[in-house]
1. Going by a ≥ b ≥ c, the root eigenvalues of the Cα gyration tensor, does the chain fall in the rounded group (a/c under 1.5), the prolate group (a/b larger than b/c) or the oblate group?
2. With springs only between Cα atoms under 10 Å, which of Gly65, Gly38, Gly16 fluctuates most in a Gaussian network model of the chain?
3. Quick one: putting +1 on the C-beta of Lys and Arg, -1 on the C-beta of Asp and Glu, what dipole do you get for segment 2-64 around its Cα centre, in Debye to the nearest 20?
4. What number comes out for the charge environment of Met58, summing +1 per Lys or Arg and -1 per Asp or Glu over other residues with Cβ under 11 Å away?
5. When the Cα centres of segment 6-42 and segment 49-69 are compared, how far apart do they sit, in Å?
Amino acid sequence: MRRVGRLSVALAHAVGVAKEVLEHLESAAALHDVGKIGIPSQILNRAGPLDLEERRIMEQHTLMGVRVLEVERTGLASRPGDRP
């Protein structure tokens, strides 16, 4: 995760993003895959390419991450079917 943060900051700096934003960007980048906590380990650890169903499941990690962070921010869990 540190690598993603450092790379994000380096790219943002290269395109002129303000220093105040850069300070938050590295921390935010550490959370970029938090939703993978809801992905089955057999999909996360798969050595080869994902099939279509596994890919569909993996693509849900972004929505799961939003839900995890929303619960942290508000203390309220979203209901099944709610969209961020």
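We did not get these values from a lab; they are worked out from the coordinates using the rules stated. Only a predicted model underlies this, so the values are computations on that prediction, with no experimental measurement involved. Note: ideal-geometry Cβ built from the backbone for every residue, glycine included; neighbour counts use all protein chains shown.
1. oblate
2. Looking only at Gly65, Gly38, Gly16, the biggest GNM fluctuation is shown by Gly16.
3. Dipole magnitude for segment 2-64 comes out near 180 debye.
4. -1
5. First find each Cα centre; the distance between them is then 18 Å.
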